[in-house]
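Comments concern the structure below.
Read the figures in this text as sums done on the coordinates, not as results from a lab. This is a predicted model, so every value here is computed, not measured. Glycine also receives a Cβ, built like all others from the backbone with ideal geometry; neighbour counts cover every protein chain displayed.
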Amino acid sequence: MKKHVGKCACENIEYCFEGDPINTAFCYCQECQKHTGSDKWFGLWVPIEKFKFTKGKPSVFTRIGDSGKEVNHNFCSNCGSTLAIEVIVGNFYSVAASTLIESSFSPNMAIYAASAPKWAMFPEGVPKFDVLPPGLGE
Ligand SMILES: [Zn+2]
Ligand SMILES: [Zn+2]
């Protein structure tokens, strides 16, 4: 199985995951806008058991998601990069595609589009959902 490796900007923290993500999503929710400083977060959804931190210890910011369950943001307290967000309700990490050393992924959906800022950019030909596609999450 292919192993994917990523790290933060200062390289204090590294992680890896095995195999392909179960989903690759642009998320336009307000929390993602805040922690990226951008219109969206490009998250690679990786089952919790396939993902691990291999170097350093991330700081964690916990918030309560729409589901009422915790969402744990793992970030580097030195450089500020967010590496992976643990989504308890879905039992997966949403890994920052931008932190992968080698990334060949592209988004297969755009979620929380209703929360996007007016200046948001949406990829062409990618299905767009106001919140989540039917049957996913919540
Ligand atoms: Zn760092
Ligand atoms: Zn989001």
field: Distance in nm between pseudo-label sites at Thr62 and Thr36 (7 Å out along the Cβ direction from Cα)
entry: 2.6
- request: List nothing, just return the count: lysine pairs in region 1-134, 8 or more apart or interchain, with Cα separation under 12 Å.
  value: 6
message: Quick check: pseudo-label points 7 Å beyond the Cα along Cα→Cβ at Ile88 and Lys2, how many nm apart are they?
response: 3.3
- prompt: Based on the alpha-carbon gyration tensor of region 3-115, what equivalent-ellipsoid semi-axes (square roots of 5 times the eigenvalues) come out, in whole Å, largest first?
  reply: 19, 16, 14
task: Obtain the nm distance between the two label points defined at Met121 and Thr54 by a simple spin-label model: each point lies 7 Å from its Cα along the Cα-to-C-beta direction.
output: 3.1
